[in-house]
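Reviewing the structure listed below.
The values are calculated or read from the model by the stated rules, or taken from the named source; none is laboratory data. Treat the numbers as computed from the prediction; the structure is a model and nothing was measured. All Cβ positions, glycine included, derive from the backbone under ideal geometry; neighbour counts span all protein chains shown. Surface accessibility is based on the protein's heavy atoms, side chains included, excluding ligands, DNA and RNA. Shrake-Rupley method; radii C 1.70, N 1.55, O 1.52, S 1.80 Å.
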Amino acid sequence: MMSDRLIVQIQRRVHEAHAIVSLELVDPTGAELPPFEAGAHVEVEVEPGLTRHYSICNSPQERNRYVLGILREPSSKGGSATIHQLFHEGMRIKISPPRNQFRLNESAAHSLLVAGGIGITPLLAMAWRLHALGASFELHYCVRTRARAAFIEMLNQSPFADSVTLHCDEEGDSSRLDMQALLQNPRSDAHVYVCGPEGFINALTYRARDCAWNDANVHHEFFAATVSTSGSSFVVQATRSGLSVDVPADKSIAQALLDVGIDVPLSCEQGVCGTCVTRVIDGVPEHRDLFLTADERAANDRIMLCCSRASSGILILDI
Ligand code: FES
């Protein structure tokens, strides 16, 4: 549930590429929208009780609109499928204010932006921001086919078109991104940003490590992930709600808490966005998310309720 929502109007809906639409959101009264940073996202209320988060892809200098790019995911039954079917121009929708968990280091001497498919969206805002700063950057955009390359016309016409390279699988090896060549000379004053499907990010971050990039200079945001939320049963004690809740083998903690009326903020429901992070008071989490760093996982003081479980019989949570 979103407590601090904004009402916005869909000013424009554009078919950008195969299974991808963009929505331009504006304030219904024509007022400015809250500012956003490159890499930020908003949570969109698709229907009551169902939100999804989408990166803002236009220039952060624009105060009159947020542009979102939305892929209709093949397995989607609600979420992106509902947006594709029902969201139309003129419609008013609820969104959260922009939040940023994929920050740009604006003082880097050089930035490498690497997108896999719809992962282009936060990197577009970063490209606009770096261009506005006059900063050095290159954007590599990897797609399976040109028909799936959203925003390519805008990129070709952008003032930073010379910094953009499209890598298209269907066009053979000479077009595909050579990650080794891209990353082989790490610089301590350069930063890498990668967004896309899990396998794409894993491949790039693995290659960056192999090429001796400093982990702190390599940033990623998963576009989608596959997480299993099932496992052994356990009990959650929700201290603020004063309830003890059984979490059966086939339900997530979030679902078990929602079933007894405890409000759980959710967005991606894939362990990616961090919306459902909750403080652990006692017990041992079994982390299954892709949001926490290795150090944060080891601390065991926070847990993602949408996907993670417990390896202790009881988990005491601050909710
Ligand atoms: Fe996104 Fe849980 S809802 S990490």
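So the values come out like this:
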item	result
Cβ-placed point charges (K, R +1; D, E -1), dipole of the chain about Cα centre in debye, nearest 20	320 debye
Sites residue 100 and residue 230, calculated FRET efficiency, Cβ-Cβ separation with R0 41 Å, nearest 0.05	0.85
Gain upon complete extension [residue 136, residue 210; 0.36 nm per residue less C-alpha separation]	24.2 nm
From phi via Karplus (6.51, -1.76, 1.60), per-residue ³J(HN,Hα) for region 169-186 in Hz, x at Gly/Pro	3, 5, 9, x, 4, 5, 8, 5, 5, 9, 4, 4, 5, 5, 10, 5, 10, x
Span per principal axis, largest first, for the Cα atoms of region 142-299 (Å)	58, 35, 28
Computed magnitude of the charge dipole of region 1-60 (debye, nearest 20; Cβ of K, R +1, Cβ of D, E -1)	160 debye
Dipole of the chain, positive direction: furthest Cα of 241, 83, 197, with charges on the beta-carbon	83
Estimated 222 nm signal from helices in the chain, with DSSP H stretches of n ≥ 4 weighted -39500 (n - 2.57), rounded to 500	-5000 deg cm²/dmol
FRET E, pair residue 15, residue 181, Förster distance 35 Å, beta-carbon r, rounded to 0.05	0.55
Pair-distance profile P(r), taking every C-alpha pair of region 126-186, with 10 angstrom steps and integer %	21, 46, 30, 3
Residue with peak Gaussian network fluctuation, the chain [Cα springs, cutoff 10 Å], from 292, 139, 130	292
Relative contact order %, the chain, counting alpha carbon pairs below 8 Å whose residues are six or more apart	15 percent
Nearest-20 debye value, region 69-116 charge dipole, Cβ charges on Lys, Arg, Asp, Glu	220 debye
Global form of region 1-58, assessed from the alpha-carbon gyration tensor, a/c cut-off 1.5	rounded
Distance (nanometres) between label positions extended 7 Å along Cα→Cβ at residue 61 and residue 92	3.2 nm
Positive-end extreme of charge dipole, the chain - chosen from 137, 35, 316 (charges on Cβ)	35
Surface per residue (accessible, 1.4 Å probe) for the chain, Å²	46 Å²
Gained length - residue 311 relative to residue 144, 0.36 nm times residue gap less alpha-carbon distance	56.2 nm
Solvent-accessible surface (1.4 angstrom probe) belonging to residue 18, in square angstrom, nearest 10	100 Å²
Largest to smallest accessible area among 128, 213 [probe 1.4 Å]	128, 213
Net charge contributed by nearby residues that have their C-beta within less than 15 Å of residue 130 (K/R +1, D/E -1)	-3
For region 182-258 versus region 9-79, the gap between their alpha-carbon centres in whole angstrom	23 Å
Debye-sum result for region 73-140 in log10 I(q)/I(0), which assumes one identical scatterer on each alpha carbon, at q = 0.12, 0.19, 0.20, 0.27 Å⁻¹	-0.49, -0.90, -0.93, -1.19
Coordinate range along principal axes, alpha carbons of the chain, Å, largest first	58, 50, 36
Accessible surface ranking that places the most exposed of 259, 162 first, with a 1.4 angstrom probe	162, 259
Sorted peptide list for 180-191, 105-116, 200-211, criterion being average Cβ within 10 angstrom, highest first	105-116, 200-211, 180-191
The chain: DSSP helices with Cα axial extent of at least 30 Å and average Kyte-Doolittle hydropathy no lower than 0.0	none
Cα gyration tensor shape for region 229-319, rounded if a/c is under 1.5, else prolate or oblate	rounded
Rg and Dmax [Cα atoms of region 1-103; Å; Rg one decimal, Dmax integer]	12.7, 37
Computed over region 45-181: relative contact order in percent, which uses C-alpha pairs under 8 Å that are six or more apart	21 percent
For region 68-181, radius of gyration divided by Kirkwood radius, i.e. Rg to Rh on alpha-carbons	1.00
